[in-house]
Structures are given as structure tokens and as C-alpha cells.
Amino acid sequence: MTLLTQAYIHRMVPLTRTLGIAFPLIADDRVHAKLDSRRDLRTAGGSLHNGAVMALADAAAQAMATVVREDGSIPVTTEVTARFFRPLFGVAKAVARPLHFDGSCVTVDVEIRDLELHLCARITQTVTRRYVPVL
């Protein structure tokens, strides 16, 4: 069972707190994260900006990689493939699941859905580890 908490993630990655990313579930096999579509995160057309969607996906993937490892290392994203299928209005919900772990890298699949559960984006992300002193 993981001991990773939302408070720890917000401390390690302050951008998650700034954006208002919440982590309602952090489990051994998946991480759920969500982001409300605030006005300052939207495009001129009113949809959530893809940069905000990527920040949500990155946060969920890094949390999942941290759960998979639990060795005290700091997750560092090294590769991302993103596909955006439809604009996202309202709350964005991410579910991150590990796809592969080879000892040094974790590959994570992240689905981004809206409140109606439409698939809006799918991100595959590789996260490696670094041992960096935490200040």
C-alpha cells in the first residue's frame, strides 16, 4: 500500500498546488487526478488549454511513477506522446496506470476524460528517476 499523499505531491511539485490539481485516489495500480477548468486556464474558445491538460497528465504520471518505485527518487519526465481527441470543458479527470517498469524507467498511460466520461486525450509518458536532495 502506498504512503504517497496529495500534500507530498504539492510540496514536491508546487505547480500542482498552483493549478489546483487534486489527487482523489492514489493507489498501487492507478492514480486519479483532477483539474477544474478555471477561466485563466482556458482558451479563447472556452475549452481547457492543452498545456493545462499536459500539466495534469504529467502530475498524474509522475505520481504513478513514484508509487511504482517508492525508493525515494525524484521522478523526471523524459518522453511524452500526447493525442488530443476533443476539447475539454469543465473538470478534467486523469487516470494514470503503469504500463511498463524496467528498473530505471516507468512508462505510464494517462487517460484524460471530461465529466461525461468522454475520452478527451491520451498521454503515454516515460518517467526516469533522479536522486536529488530535497530542499
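Remark on the range 65-135: ratio of C-alpha radius of gyration to 2.2 N^0.38 Å is 1.27. Compared with the dominant Cα axis of the chain, that is its longest principal axis, helix 50-69 is turned about 20°. What residues have an amide H closer than 5 Å to that of V91, excluding those fewer than 5 places away on the same chain, when H is modeled at 1.01 Å from N in the peptide plane? HN-HN under 5 Å from V91: S37, L115.
For T5 and T124, a Förster radius of 30 Å and the Cβ-Cβ distance give a FRET efficiency of 0.70, rounded to the nearest 0.05. Spin-label pair A44-R69: with each label point 7 Å from Cα along the Cα-Cβ axis, the two points sit 4.1 nm from one another. Taking every alpha-carbon pair under 8 Å whose residues sit at least 6 apart, the chain reaches a relative contact order of 24 percent. Residue exposure proxy: L88, L19, ordered by other Cβ atoms within 10 angstrom of their Cβ from fewest to most, comes out as L19, L88. When you have a sec, figure out the Kirkwood radius of the chain from all distinct Cα pair distances and drop it here in Å to one decimal? For the chain, inverting the mean 1/r across all distinct Cα pairs yields 14.8 Å.
Each reported figure results from applying straightforward, stated rules to the coordinates on display, with no laboratory input. The model shown is predicted, which means the values in this text are computed figures rather than measured ones. All Cβ positions, even for glycine, are placed from backbone atoms using ideal geometry, and neighbour counts span all protein chains on display.
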